[in-house]
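Please read the structure below before turning to the comments.
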Amino acid sequence: MTEISQKDLEYWLEHVRIYANNGDVADYIPALANQQPEINAVAYYPIDGEVLYAGQSEYTFTIQSISKVITLALALVQHGESAVFNRVDKEPTSDPFYSIGTLEVEEPAKPSNPMINAGALAVTNMIRGRDSEEMVHEILKLVRMLANDESITYDEEVAKSEFETAFLNRSLAYFMKQNGIVTGSVEELLDVYTKQCAITMTVKQLARIGAVFANDGRDPETNNPLVPSHVARICKTFMVTCGMYNASGTFAINVGIPAKSGVSGAIVGVLRNKGGIAVFGPALDEKGNSVVGIHFLEKMAQEKHWSMF
Ligand code: GLN
């Protein structure tokens, strides 16, 4: 029996949608600046039942940094733990996700964790493929499997818009290339990275991805392993320690579930052995997290006593 009802989702969303006025949509990626702050949606995908949803649940958005969890899972499957953690560390940081500062003080330019941009660029750089097209294909293959939807792809306009303006991400990648953390063509890496960030889905599809992690990497319908359980465990641990950027500590206290957000305004949360929850609302707080999403998850966790701590 599912522990969240349709009424719960509707009630919580109704209660928190006013918070959209307390944030701003991301505009450093020009194509995201057009998002309407009042749009919101939520879906809950239980591992043992039917998906529930409320709000504009058919609205599609780009997953942005949520893709970092998926490329981390893929890199761990392809190369194993020691190879991945040679390139990227496992520690949370109080710096913002786009920070370049700590890279210079780390030895030797090793990013703190795979959930900040530098770390995600280093991880994406490891994805197998002869060229960027093959690498993007590998990432999409896993996303489609997790969401159980072959039609999922990336938004070319958002990818292009970010590719053309990603001066800071380019700087991070070039700095890491100088120090041997990134190899090969930085432009190809940026091509893959901006396309993975521009992967488009609805809250229902995103909640299904959360459900796979809630089920320790297994398909919620068939129970087939889609991601090895130790890889799912590592990904969920990073979601707890680093998933909400430099607000992860506050989020762990106020909500207490593994979660990952993206600057489009999406958040995916994992309720272990229960299901995946996805919330969308494009207005962001100063740390880059959806204000409606955070308030929603706070309300859900508090009413259901679902903190894992
Ligand atoms: N594509 C975005 C960037 O690299 C993703 C960042 C995010 O969602 N926090 O800036």
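The values are calculated or read from the model by the stated rules, or taken from the named source; none is laboratory data. Quick caveat: nothing in here was measured; it's all calculated off a predicted structure. Note: ideal-geometry Cβ built from the backbone for every residue, glycine included; neighbour counts use all protein chains shown. Keep in mind that these areas ignore ligands, DNA and RNA; they rest on the heavy atoms of the full protein, side chains included. Shrake-Rupley method; radii C 1.70, N 1.55, O 1.52, S 1.80 Å.
Worth a mention:
- Residues that are touching a strand residue (DSSP E or B) at 6+ places or on another chain (Cβ under 6 Å) and either within 16 Å of the ligand (Cβ to nearest atom) or among the hydrophobic types (A, V, I, L, M, F, W, C) (or both), drawn from the stretch 252-268: ILE257, ALA259, LYS260, SER261, SER264, GLY265, ALA266, ILE267, VAL268
- Qualifying position, being aliphatic (A, V, I, L, M) and closer than 24 Å to GLY129 by Cβ, among ALA207, ALA198: ALA198
- GLY217 being of a type outside the set (Val, Ile, Thr), at pLDDT below 95 and closer than 22 Å to LEU76 by Cα: no
- If the condition is being among the hydroxyl-bearing types (Ser, Thr, Tyr), under 23 Å from TYR28 (Cα atoms), open to solvent by less than 90 Å² (accessible area, probe 1.4 Å) and outside any loop (DSSP other than H, G, I, E, B), then the stretch 120-175 contributes THR124, TYR154, SER161, THR165, SER171.
- Residues in the stretch 176-189 that are part of a helix (DSSP H, G or I) and buried (at least 22 other Cβ atoms within 10 Å of the Cβ) were compared, and the one that is nearest to the ligand (Cβ to nearest atom) is LEU189.
- Some residue of the stretch 212-230 being in contact with a Pro (Cβ under 6 Å, 6 or more places away or on another chain), open to solvent by 40 Å² or more (accessible area, probe 1.4 Å) and more than 16 Å from the ligand (Cβ to nearest atom): yes
- When the criteria are applied in full, LYS90 meets the requirement of being of a type in the set (Lys, Arg) and in a loop (DSSP other than H, G, I, E, B).
- Failed condition for THR102, given (1) touching an Asp or Glu at 6+ places or on another chain (Cβ under 9 Å); (2) without any contact (Cβ under 8 Å) to a residue 40 or more places away in the chain; (3) assigned to a loop (DSSP other than H, G, I, E, B): (3)
- The residues listed here are ILE4, ILE66, ILE47; of these, the one that is open to solvent by 20 Å² or more (accessible area, probe 1.4 Å), more than 13 Å from GLY281 (Cβ to Cβ) and among the β-branched types (Val, Ile, Thr) is ILE47.
- So VAL42, is it at pLDDT 95 or above, over 23 Å from ALA159 (Cα atoms) and not in a loop (DSSP other than H, G, I, E, B): yes
- Candidate set from the stretch 81-119 (those that are within 15 Å of the chain's Cα centre (by Cα) and open to solvent by 10 Å² or more (accessible area, probe 1.4 Å)); member that is farthest from the ligand (Cβ to nearest atom): ILE116
- Selection from the stretch 58-80 of residues that are assigned to a helix (DSSP H, G or I), at negative phi and within 16 Å of the ligand (Cβ to nearest atom): SER65, ILE66, SER67, LYS68, VAL69, ILE70, THR71, LEU72
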